[in-house]
1. Rounded to whole Å and sorted largest first, list the principal axis extents of the Cα atoms in the range 108-233.
2. Indicate the helices, whole DSSP H runs only, in the chain that combine a mean Kyte-Doolittle hydropathy of -1.0 or more with a Cα extent along their long axis of 24 angstrom or more.
3. So, R0 is 45 Å and r is the distance between the beta-carbons of GLN35 and THR149; what FRET efficiency does that work out to, to 0.05?
4. Of HIS211, HIS40, which has the most accessible area with a 1.4 Å probe, and how do the rest follow in descending order?
5. Label GLU196 and LYS173 with points 7 Å out from Cα along Cα→Cβ: what is the distance between them in nm?
6. Can you classify the range 1-130 as rounded, prolate or oblate using the Cα gyration tensor, where a ≥ b ≥ c are the square roots of its eigenvalues, rounded means a/c under 1.5, and otherwise it's prolate if a/b beats b/c and oblate if not?
7. Going Cα to Cα from LYS21, which lysines come in below 26 Å? Please leave out same-chain ones fewer than 8 positions away.
8. Work out, in µm²/s and without decimals, the Stokes-Einstein translational diffusion coefficient of the chain at 10 °C, 1.306 mPa s, Rh from Kirkwood over C-alpha pairs.
Amino acid sequence: MSDTKSSPDSRPLVSVLMPCKNAAATIASAIASVQAQTLHNWELVVADDGSADGSQEIVAQLAKGDPRIKLLDHTGGPSGASAARNRALDQATGRYIAFLDADDLWLPEKLETQIGEMQARSSAFSCSAYRVRRDGKADIVRRPPAEITRQALLNGNRIGCLTAVYDSALLGKQLMPDIPLRHDYALWLHLLTLTEAALGLQQVLAIHHRHTGSLSSNVGRASLATWNMLRTEAGLNPLQASNTLVRHLLGRLFRG
């Protein structure tokens, strides 16, 4: 296996993209989970989206003690999570592109395990199992299929954004579409037009916090966003998009 802890030049091996908006309560923990990685050769690009709660100050203070952390201010232009991730991507210099939201966490072995497996299996795109923490409910574990094709992904998004990693040396830097919801799902579908399948690791490597009242927790709004994304980004006709959405919802129902 290639050495995942070093790079032949001064560039980081991994660029971690983190959008941030009013995440003062959680962002220090999210960043700490990146700093705790057993793979040390990373950069964290935090793209602030107009926070007004001191989030920028927290990140700036942490960056003073760790030059691998970069803070991007929002200086106008598009806003939202996809736009913030794209601004971070523009500044990313690492080969592997990874994603972490400001209220989620990685386990310490996440990058070393995942990138090691990608290198060993010559995979350009991968994800892993992750734990979901829900307000007032027991945790659940989401595990992806061991191999995820584009056709399989159309039946439901089994790739957690906080676990996704792709190899920009093989696939190029790929932007997320500027849509309010399902921009990550749209990106995964696009990546799977560039590579045959994503590698799905069964090991739990991350923790996602699902908050009551979030945009994605509203089933009706999320379903409409999925249908629109399938039409505008995935290129499906209305009947195909409707049939795909039904399969998507049935899969979500059975997974719980």
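1. Over the range 108-233, Cα extents along the principal axes are 40, 35, 22 Å.
2. Helix filter hits for the chain: 238-255.
3. 0.80
4. Values: HIS211 75, HIS40 105 Å².
Result, largest first: HIS40, HIS211.
5. 2.9
6. prolate
7. The reachable lysines, counting only those whose Cα sits under 26 Å from LYS21, are LYS64, LYS70, LYS110, LYS137, LYS173.
8. Values: Rh = 18.5 Å.
Value of D from the Cα-based Kirkwood radius: 86 µm²/s.
The values are calculated or read from the model by the stated rules, or taken from the named source; none is laboratory data. Treat the numbers as computed from the prediction; the structure is a model and nothing was measured. No Cβ is skipped: glycine too gets one built from the backbone with ideal geometry, and neighbour counts run over all protein chains shown. Side chains are part of the model used for accessible areas, which takes the heavy atoms of the whole protein and leaves out ligands, DNA and RNA. Shrake-Rupley method; radii C 1.70, N 1.55, O 1.52, S 1.80 Å.
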